[in-house]
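Undergrad: Let me begin by handing over the structure; questions about it come next.
The values are calculated or read from the model by the stated rules, or taken from the named source; none is laboratory data. Please read these numbers as outputs of a predicted model, since none were measured by experiment. Don't worry about glycine lacking a Cβ; one is built from the backbone with ideal geometry, like all the others, and counts go over all protein chains shown.
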Amino acid sequence: MKRTALVVLLVLLAGVAAFAQTVEPAGGALALQGGGSLAAPVGVEIEFLLGSVGFSVESRFLVLKLSGDWVGTLEPGINLRYYFGDVDGSLFFFTGVSFLSLWQFSPFSLDQGILKPRAGFGYNWLAGKEDAWRLGLEVGAAWLQELVRGNRYDILFPLVPHVLLLLGRTF
């Protein structure tokens, strides 16, 4: 009787293990961004993951109405992240660059802006069923360099903190 119960238990465990679903590693993530810049604090990012390296394209913005005119900021950028382990629950190093520009609807112009190379560290969590939700935090520094019609100008305090929160879905 004991042998029969043991054999049935082993067959049952083997069947459960055979039909268990494995979670495939994420191939990328689409995320909403909060922070990263006081002038453009809200954004969207898409990141493609190739093993322990992630490449992302982002765009942050802010739109306001001042004195009857619509004004805003737009900050497109690219990032490279190196994850020190699995993407799920991993510390990462990041570096990237973005271009912060101020624009108006009347007249529309984008002839000047601030170039922002940045670097720092972050932490990434994947949660939910099949690690479908992503939560990340980046902390680092950005170097500001003003560009006007192709000419570079110094900024009084060029080194600023960079803090960014990411919330999104993996695919």
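Undergrad: Give the stretch 105-132 a look and list any residue that's surrounded by fewer than 18 Cβ atoms within 10 Å (Cβ to Cβ), assigned to a strand (DSSP E or B) and modelled with pLDDT under 95, or say none. Steps first, please.
TA: As a first pass, look at the stretch 105-132 and keep what is surrounded by fewer than 18 Cβ atoms within 10 Å (Cβ to Cβ): 105-112, 115, 117, 119, 121, 123, 125, 127-130, 132.
Narrowing the set further to residues that are assigned to a strand (DSSP E or B) leaves 112, 115, 117, 119, 121, 123, 125, 127.
Result: Q112, L115, W125, A127.
Undergrad: Looking at E138, E146, which one is more than 15 Å from the chain's Cα centre (by Cα), at pLDDT 90 or above and assigned to a strand (DSSP E or B)? Talk me through it step by step, then tell me what you get.
TA: Working: E138 fails: more than 15 Å from the chain's Cα centre (by Cα).
On inspection, the qualifying residue turns out to be E146.
Undergrad: Show the residue pairs that are 6+ apart or on different chains and have beta-carbon atoms under 8 Å apart, the first residue being within the stretch 45-73 and exposed (fewer than 14 other Cβ atoms within 10 Å of the Cβ), the second being basic (K, R).
TA: Going by the 8 Å Cβ cut-off, the qualifying pairs are V53/R81.
Undergrad: Of F99, F92, which residue is aromatic (F, W, Y), touching a residue at least 24 places away in the same chain (Cβ under 8 Å) and surrounded by fewer than 17 Cβ atoms within 10 Å (Cβ to Cβ)?
TA: Selected residue: F99, the only one of F99, F92 that is aromatic (F, W, Y), touching a residue at least 24 places away in the same chain (Cβ under 8 Å) and surrounded by fewer than 17 Cβ atoms within 10 Å (Cβ to Cβ).
Undergrad: Hey, can you tell me all the residues within the stretch 144-171 that are within 30 Å of L126 (Cα to Cα), in contact (Cβ under 8 Å) with a residue 24 or more places away in the chain and not polar (S, T, N, Q)?
TA: Taking the stretch 144-171 and keeping what is within 30 Å of L126 (Cα to Cα), we get 160-171.
Now drop any that are not in contact (Cβ under 8 Å) with a residue 24 or more places away in the chain, which leaves 162-171.
Those that are within 30 Å of L126 (Cα to Cα), in contact (Cβ under 8 Å) with a residue 24 or more places away in the chain and not polar (S, T, N, Q): H162, V163, L164, L165, L166, L167, G168, R169, F171.
Undergrad: Which of (1) in contact (Cβ under 8 Å) with a residue 24 or more places away in the chain; (2) charged (D, E, K, R); (3) touching a strand residue (DSSP E or B) at 6+ places or on another chain (Cβ under 8 Å) does D86 not meet, given it meets every other one?
TA: Here D86 meets the rest and fails (3).
Undergrad: So, one more: Taking only pairs six or more apart or across chains, which ones have beta-carbon atoms under 9 Å, a first residue in the stretch 121-133 that is within 17 Å of L165 (Cα to Cα), and a second residue that is part of a strand (DSSP E or B) and among the acidic types (D, E)?
TA: From residues that are within 17 Å of L165 (Cα to Cα), the pairs are F121/E138; G122/E138; Y123/E138.
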